[in-house]
């Protein structure tokens, strides 16, 4: 198995982002985005996915966090696609249910090569601290479109919006961890009857 460590930089007039991702890490993260609650959620993905993730993002936060959050999703998706590579030998599918007190979320992923997002969460409030929960949808869309994966996210229950979000991001980390894992029985084989997971 080759190292699955990549660095991706994406610069626009709105944001400048550099992400380093190691799919076979130990859950170490380092974030500098200027959006603290978002970083708290990204840390759940790293910790529970056992991914090492470093993100440096400079964005137009004087307007709001929209461009920063969306563009981190885009850049992380690009990094993920690059790190996964040709997908030979991977499990491909992953799923996880994660509870946190009264909240429960389910995330199911397919590294299909086709972007598809089904995202169902009715947060109990619009803001968590100073973070607008609408931006999570922008992050997931950016990530899915550029990672080229199918991602189903369902918050099954929850009364505390922080708990709802945290269960989603923890489950995302665990589902991705399962999907990118190697199965020795599949060594050198693409896990698809089509023989390809691109488009």
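The values are calculated or read from the model by the stated rules, or taken from the named source; none is laboratory data. Nothing here was measured: the structure is a model prediction, and the numbers come from that model. Cβ sites come from the backbone with ideal geometry, for glycine too, and all protein chains shown count toward neighbours.
Structure summary
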quantity: Per-region count, region 53-75, residues without any contact (Cβ under 8 Å) to a residue 40 or more places away in the chain, in contact with a helix residue (DSSP H, G or I) (Cβ under 9 Å, 6 or more places away or on another chain) and either assigned to a strand (DSSP E or B) or surrounded by 23 or more Cβ atoms within 10 Å (Cβ to Cβ) (or both); calculated: 2
quantity: Residue, farthest from residue 179 (Cα to Cα), within region 41-52, restricted to residues that are in contact with a helix residue (DSSP H, G or I) (Cβ under 8 Å, 6 or more places away or on another chain) and part of a helix (DSSP H, G or I); calculated: 41
quantity: Count - residues of region 80-131 that are modelled with pLDDT of 95 or more, more than 16 Å from the chain's Cα centre (by Cα), crowded, with 16+ Cβ neighbours inside 10 Å and not in a loop (DSSP other than H, G, I, E, B); calculated: 5
quantity: Number of positions in region 132-163 that are over 12 Å from residue 117 (Cα atoms) and without any contact (Cβ under 8 Å) to a residue 24 or more places away in the chain; calculated: 1
quantity: Within region 1-39, considering residues that are without any contact (Cβ under 8 Å) to a residue 24 or more places away in the chain and more than 19 Å from residue 147 (Cα to Cα), the one surrounded by the fewest Cβ atoms within 10 Å (Cβ to Cβ); calculated: 13
